[in-house]
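S.K.: Pasting a structure below so you can have a look.
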Amino acid sequence: MTLADELQPWLFPVEPLEGESFSHFLGRFRRRNHLTPSALGQLARIGAVVARWERFHLNPFPSAKELEALAKVVGVKAQRLREMLPPQGVGMKCNTIRLCGACYAESPCHRMEWQFKSTPGCETHQLRLVSKCPNCEARFKVPALWENGCCDRCRLPFEGMNTSQKAY
């Protein structure tokens, strides 16, 4: 019996949100269970890759074996975890976190497609994505650290940022 098997009854489940990015989901699961990225990696026996994945550093891409191991700990099917990742080969913006305030107002989570290099804006709302707070110009932290749904510096809610987004 592994440590993860012994702890499984003590971990609080977190359901993935529709369209949620892997980074955002991992952060929500970790906060709910008071885990560090390192502790989650140890429980899943996948090492220190969780912190890298939360920052969208997906090279090497998570293997099926790693996703299966993580799935056992987080209580979500490996295929569902895979759906939260970008298609292999799709270019990602790792250093600039982006969001659509209108989408966030509808469903408070970060969406993976916002990080695609090929995505200039939100297809649903026809708005350009924002990469910094329109109020104080602070850059956004990685979605795994989005705890309150607002700018960490001035506390402007993400859903309120849609008024500053330009049409594209």
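S.K.: Considering the values [x] 17.2; [y] 16.5; [z] 19.5, which represents Kirkwood radius over Cα pairs in Å as calculated for the structure under consideration?
M.R.: [y]
S.K.: Considering only ARG55, ARG45, ARG98, give the residue with the highest GNM mean-square fluctuation for the chain, with springs between Cα atoms whenever their separation is below 10 Å.
M.R.: ARG45
S.K.: For the chain, modelled as a Gaussian network with Cα springs under 10 Å, which listed residue fluctuates most, LYS132, LYS77, LYS141?
M.R.: LYS77
S.K.: Using only DSSP helix segments of four residues or longer, with each worth -39500 (n - 2.57), what per-residue ellipticity at 222 nm results for the chain after dividing by its residue count and rounding to 500?
M.R.: -8000 deg cm²/dmol
S.K.: What relative contact order, as a whole-number percentage, does the stretch 30-168 give when Cα pairs under 8 Å and 6 or more residues apart are counted?
M.R.: It comes to 20 percent, rounded to a whole number.
S.K.: Still on this structure, please answer the following. Can you list residues from other chains, or at least 5 along the same chain, whose modelled amide H is less than 5 Å from the amide H of CYS150?
M.R.: Amide H neighbours of CYS150: PHE158.
S.K.: Still on this model: Holding the Cα-Cα limit at 22 Å, pick out from LYS132/LYS166; LYS65/LYS117; LYS72/LYS141; LYS93/LYS141 the pairs that are longer than that.
M.R.: Too far apart for the 22 Å limit: LYS65/LYS117; LYS72/LYS141.
S.K.: Still on this structure, please answer the following. Can you tell which of CYS122, CYS136, CYS94 shows the greatest fluctuation in a Gaussian network model of the chain with Cα springs below 10 Å?
M.R.: Ranking CYS122, CYS136, CYS94 by mean-square fluctuation puts CYS136 first.
S.K.: For the stretch 124-168, give the magnitude of the charge dipole about the Cα centre (Cβ charges: +1 Lys/Arg, -1 Asp/Glu; no others), in debye to the nearest 20.
M.R.: Here the size comes out at about 160 debye.
S.K.: Between the stretch 105-125 and the stretch 74-94, what is the separation of their alpha carbon centroids in Å?
M.R.: Each part reduced to its Cα centre gives a spacing of 15 Å.
S.K.: Ignoring ligands, DNA and RNA, please state the percent of accessible area on the stretch 24-65 from carbon and sulfur, probe 1.4 Å.
M.R.: Of the solvent-accessible surface of the stretch 24-65, carbon and sulfur hold 55 percent.
S.K.: Once amide H atoms are placed 1.01 Å from N in the peptide plane, what residues at a sequence separation of 5 or more from SER21, or on another chain, have their amide H within under 5 Å of its amide H?
M.R.: Answer set, sorted by chain and number: HIS110, ARG111, MET112.
S.K.: I'd like the GluC sites (Glu not before Pro) in the stretch 16-114 restricted to DSSP loop residues with at most 15 other Cβ atoms within 10 Å, sorted by number.
M.R.: Listed in order of number, the matching sites are GLU18.
S.K.: Kindly state, to the nearest 0.05, the FRET efficiency for ARG128 paired with TRP10, given R0 = 30 Å and r defined as their beta-carbon distance.
M.R.: It comes out at approximately 0.10.
S.K.: Could you give the dipole magnitude of the chain about its Cα centre, charging the beta-carbon of Lys and Arg +1 and that of Asp and Glu -1, in debye to the nearest 20?
M.R.: 500
The values are calculated or read from the model by the stated rules, or taken from the named source; none is laboratory data. Remember, predicted model here, so these are calculated numbers, not experimental data. For neighbour counting, all protein chains shown are included, and Cβ atoms are generated from backbone atoms with ideal geometry for every residue, glycine included. Areas reflect the complete protein model, heavy atoms only, side chains present, ligands, DNA and RNA absent. Shrake-Rupley method; radii C 1.70, N 1.55, O 1.52, S 1.80 Å.
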